[in-house]
1. Specify which of the listed residues (LEU518, LEU522, LEU508) is within 21 Å of ILE436 (Cβ to Cβ) and among the hydrophobic types (A, V, I, L, M, F, W, C).
2. What number goes with the only condition from (1) farther than 22 Å from ALA335 by Cα; (2) touching a residue at least 60 places away in the same chain (Cβ under 8 Å); (3) in a helix (DSSP H, G or I) that ALA419 does not pass?
3. Which numbered condition in (1) outside any strand (DSSP E or B); (2) crowded, with 20+ Cβ neighbours inside 10 Å; (3) acidic (Asp, Glu) is the only one that GLU523 fails?
4. Only one of these conditions is not met by VAL579: (1) surrounded by 18 or more Cβ atoms within 10 Å (Cβ to Cβ); (2) within 31 Å of the chain's Cα centre (by Cα); (3) of a type in the set (Val, Ile, Thr). Which number is it?
5. Which strands (runs of 3 or more DSSP E) does segment 432-501 wholly contain that include 3 or more residues that are surrounded by fewer than 21 Cβ atoms within 10 Å (Cβ to Cβ)?
6. Are there helices (runs of 4 or more DSSP H) fully within segment 1-64 with at least 3 residues that are out of contact with any Gly (no Cβ under 7 Å at 6 or more places or on another chain)? List them.
7. Could you name every one of the strands (runs of 3 or more DSSP E) located completely within segment 193-303 that has at least 2 residues being farther than 30 Å from LYS317 by Cβ and in contact with a Lys or Arg (Cβ under 9 Å, 6 or more places away or on another chain)?
8. Being more than 22 Å from the chain's Cα centre (by Cα) and not small (Gly, Ala, Ser) is true for just one of ASP325, ASP290. Which residue is that?
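Read the figures in this text as sums done on the coordinates, not as results from a lab. What you are looking at is a predicted structure, and each value in this text was computed from that prediction instead of being measured. Note that each Cβ is placed from the backbone with ideal geometry, even for glycine, and that neighbours are counted across all protein chains shown.
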Amino acid sequence: MILDTVNSPKDIKGLSNAELCTLAEEIRHFLLQKMSIRGGHFGSNFGMVEATIALHYVFDSPEDKIVFDVSHQCYTHKILTGRKEAFIDPEKYSDVSGYTNPDESEHDLFNVGHTSTSVSLACGLAKARDLLGGTENVIAVIGDGSLSGGEAYEGLDFAHELNTNLIIVVNDNQMSIAENHGGLYQHLESLRNSDGKAENNIFKALGFAYSYVKNGNSIADLIAAFQRVKDCKSPAVVHICTKKGNGFAFAEQAKEDWHWRPPFYVETGDTRRHLTGENYDTIVCEYLIDKMKKDPSVATIAAAVPLTIGFTEEIRKSVGKQFMDVGIAEEHAIALTAGIARGGGKPVFATHSSFYQRAYDQISQELCINCLPATLLVRNASVWGMNDITHLGIFDIPLLSNIPNLIYLAPTNKQEYLAMLEWSIEQREHPVALRIPRNGVHNANYPVDTDYSQLNQFQVCRKGADVAIIALGDFFQLGEETADALKQLGIQSTLINPRFITGVDEQLLDELKTDHRLVITLEDGILSGGFGQKIAAYYGNAAVKVLNFGLKKEFIDRYDPAQVLLENRLTAGQIVEDVKAVLNQA
């Protein structure tokens with residue numbers, strides 16, 4: 001096996017084209033085996049095998065610097081740069097992350113997991129090289145889907161200013177996570193149809209030397225193209241056309257389903273894990289479909305991840321113009337949402353918690369300063385959400401809850417979620433965000449309101465004394481567990497569903513002072529700047545003591561949620577221990 005002899009990029013430089021092609025097939029074999037067991041970003045990695053081999057054949061990493069946009073296509077890169085055992089040996093599958101990581105190898109420049117950043121990062125590397133008198137090549141690899149992000153345009157626009165070696169490899173596979181949207185992709189199509197000879201060429205217009213590789217899965221063609229731009233003295237774009245999922249028929253035919261794939265059976269492509277019961281993606285999808293049918297002013301917006309709310313390709317087609325996918329462009333999505341709201345529409349935008357970080361400015365400026373009635377659905381905002389260091393969903397509460405005019409709601413069950421969503425869409429006074437529960441679908445045990453216009457009004461679900469438990473969102477069930485455990489000790493605690501993340505119920509908090517010695521808060525997010533600190537700050541010099549339970553402010557990577565909860569004393573047993581310790585001190 002050729003891969004046995006490859007321990008660094010230098011080991012492939014003497015191989016023939018036939019041997020490189022064999023190496024590509026060997027790499028695909030091990031990628032297939034690992035991802036069938038562990039899951040991962042399938043389509044992007046299978047599409048980039050040949051291009052990655054060619055990059056390392058021509059360029060001299062780590063002296064030459066390669067930056068992968070998003071970096072979810074870096075598996076072959078890791079195999080060629082000394083980490084192949086993590087793809088060959090099942091016992092070492094967890095040794096590397098799914099993204100580039102400087103802690104793993106000198107061949108990785110950045111921890112990268114968000115999109116449209118590679119060109120800007122490469123511009124910075126090129127500038128630093130020139131300041132220090134270096135001569136290495138700097139290469140940014142960016143997919144066509146990532147070109148829709150605003151930062152990609154900013155980087156491309158600035159690159160000409162450098163007037164120095166900067167090579168941008170545009171990986172055009174005609175797909176984002178779902179299908180591509182926007183005029184840029186019609187332009188890329190014109191370049192493909194003309195073999196790169198179309199008169200209109202955005203890359204040339206921006207000052208790049210441009211070359212085109214029709215078969216981006218041909219190692220020989222790629223090597224030739226990369227050799228032509230190696231050591232170039234001014235910015236260059238190499239536009240390569242690859243096939244997402246190349247080499248595995250199921251992934252080639254169903255590109256969206258195979259962008260990221262959970263563990264699967266190689267023979268059939270069927271997933272090994274089948275979700276049972278209800279999930280919030282389906283619940284909100286069915287609700288929005290019905291809502292849009294009944295009300296033509298309702299519009300649903302996604303930013304390249306429509307499956308966040310269960311909008312499959314078939315459903316997207318069925319709802320027509322009331323659904324929009326803006327591509328990987330969250331800033332545009334929020335400003336578009338604000339415009340729809342100002343124009344009298346009822347917009348609903350949905351994406352993952354960590355992706356809202358890219359749109360903070362638009363949420364604050366366009367949406368909230370103008371106090372426009374729009375609905376933002378925040379998915380995977382939880383310790384149970386995505387657990388890669390670049391995709392953590394636990395920072396949303398400090399991020400969003402301190403923006404004036406924004407109402408951030410935390411439903412605790414299915415019925416409350418749908419009631420809050422209905423109220424949010426129909427009310428015309430506030431921008432509203434909903435933090436979608438992530439701890440399974442629970443049904444209401446307590447009355448659910450349909451009107452949330454009385455802002456910051458908490459709901460008392462059980463009335464007790466001595467200890468009050470304010471349990472936010474999907475930690476409400478943890479609050480119930482804690483209340484039940486305290487009851488076993490003879491403590492009839494008060495259990496509160498705060499519902500609102502963005503404010504406090506001053507009247508209720510004042511009432512608690514009369515017969516409660518301790519208030520505890522539970523939140524599925526970091527404590528610093530979070531919900532619990534609002535409660536603690538309100539009590540200030542009051543005699544009531546406050547214990548805040550949540551997550552430590554830190555970047556954590558590929559973690560086990562149960563272990564993180566344990567380390568942060570977020571189990572009912574640990575919480576009861578801490579409560580007893582405080583009460584015994586009194």
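1. From the options LEU518, LEU522, LEU508, the qualifying one is LEU522.
2. Only one criterion in (1) farther than 22 Å from ALA335 by Cα; (2) touching a residue at least 60 places away in the same chain (Cβ under 8 Å); (3) in a helix (DSSP H, G or I) is unmet by ALA419, namely (2).
3. With respect to (1) outside any strand (DSSP E or B); (2) crowded, with 20+ Cβ neighbours inside 10 Å; (3) acidic (Asp, Glu), GLU523 is out only on (1).
4. (2)
5. The strands (runs of 3 or more DSSP E) meeting that bar are 459-462.
6. 17-38, 49-58
7. 209-213, 236-241
8. Every option except ASP290 fails the conditions.
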